[in-house]
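Inspection log for the structure reproduced underneath, given as C-alpha cells.
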Ligand SMILES: *Cc1c(COP(=O)(O)O)cnc(C)c1O
C-alpha cells in the first residue's frame, strides 16, 4: 500500500472516519449563558464585567500576575513588543518557521524581523543554534546588543511555542540575559502548555496569547498580553485603550495609542471557554496518545510527542515524515483531504515570503528541513470527548 493510503487509513482509525476539520471550537459549557447575559444587560462592547473577569481568570490559569485582553493576538504581540522596549529601527529575532503574524507584529512596531533557525526537538526556536550565532553577529555598544552588520539594535527575541510544544525557555532566558536582550513569548498556540510545571508565556518579560477561532480556547477573535510586571501591564492596558486618562467624564488622552480592546461579548465567550481549558488539554493529550499508537508501526513517519519535563497542549497534532519520504507529503495531504480528513502542511518559511526576503537571517537548515516534513492532523478535542 502507498504511504498516503496507509496514513489516511490510520487517521480514519483515530477520528472515526467521518469528515473532520483540522480544528473546531467546542461550546459545551457556559457560553450561551454568559453571552446572553451580555445581550440581556446591554454590556456587549468595550467595557463590562466579563472583560475584567476574563483577565482575572487568565492570570489565574497561567500563573502570570497580570493579563490584559486585546482584540487579537497580532495586536497583542505588537503591544507586548512595544512595552518591552522595541523601537522603530530595532531588530527582533524570531523563528523563520512561524505563522506570518509573528513577523507582522515586529513590522507593525517599525522594527525588522531577524530570522533564526528551529530545533527538531521542540519545533521552535533553536536555542543551541542561537547560542552559536549571537556571538558572531552581536557587538556590545553602551550595554545594548547591536547587529554588527546592520548597525541596528537587537531589542528582543520572540520564541514561539509551535503547536503547543514549549521552547527550551530556561536555556533561552540564560542566553538572552547574557546579551541583555528582552524575551517576549509568542504563546498564541500554547495556552495550557507547561515547562517543569510553569506555564509557557511566564518565562520572558511578557507574552501574547491568541483566542482566534482555531486556537485551543476561542473568543471568536481576541488575544491577551500576560506579564508579572505591574508597570508593563498598566502600560499595555493604557496603550490598548486609547491612552485615556481615567476620569468620570473628561476625554483626555496623553499619547497616540490604539483601540485594541476586546469587547465584553467576546470576553464572555472566553470566560466560558477558559472554564473548560483543562478538559480540552486532557482530550488533546489523549488524542495524541491515540495517534502515537496508530502510527507506531508505520514506517517512514513518526508522531511528534512532548519532550520530558514539558506538558504540551497538543493544539495541533503533528506527524513528521522521515527525510526520504518528504517527497510524498503532497500526496499524503491530497489523499487525506480527499477522504474528508483535513490535514495541513506547516507554514512556508517566513524568509520565503515576498515582504520578508532580504531581512537579516541566520542559516535556517533545520527550519527548512522541518517545513518540508510536517503534516498536521485533525486535532479537535471533540474527537475524544465524542459529539463531533
Ligand atoms: C494564531 C497565531 C498568532 C496571532 O493570532 P491572531 O489572534 O489571529 O492575531 C500569532 N502567532 C502565532 C504563532 C499564531 O499561531
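Only the coordinates and a few stated rules stand behind these numbers; no lab work does. Model, not experiment: these values are computed from the prediction. Glycine also receives a Cβ, built like all others from the backbone with ideal geometry; neighbour counts cover every protein chain displayed.
Some points to look at:
- Helix-only [θ]222 nm of the chain, DSSP H runs n ≥ 4, -39500 (n - 2.57) each, per residue, nearest 500: -11000 deg cm²/dmol
- Note on residue 228 and residue 278: with the Förster distance fixed at 22 Å, the Cβ-Cβ geometry gives a FRET efficiency of about 0.50.
- For the range 137-229, average projected area of the Cα convex hull in nm²: 7.0 nm²
- Sequence-separation-based contact order of the range 196-280, relative, with Cα cut under 8 Å and 6+ spacing, percent: 26 percent
- For the range 31-274: span of alpha carbons on each principal axis (Å, largest first): 60, 41, 27
- Pairs of Cα atoms nearer than 8 Å and 6+ residues apart set the relative contact order; for the range 31-274 it is 28 percent.
- Using only alpha-carbon positions in the range 37-102, the gyration tensor eigenvalues give semi-axes of 30, 14, 12 Å once each is multiplied by 5 and square-rooted (largest first).
- Between the range 28-45 and the range 280-340, the Cα center-to-center distance that results, in Å: 37 Å
- Cβ crowding within 10 Å ranks 190, 380 as 380, 190, fewest other Cβ atoms first.
- GNM top mover of 194, 134, 232 - the chain, alpha-carbon springs below 10 Å: 134
- Remark: relative contact order (the range 73-212) = 25 percent; criterion is Cα-Cα distance under 8 angstrom and separation of 6 or more residues.
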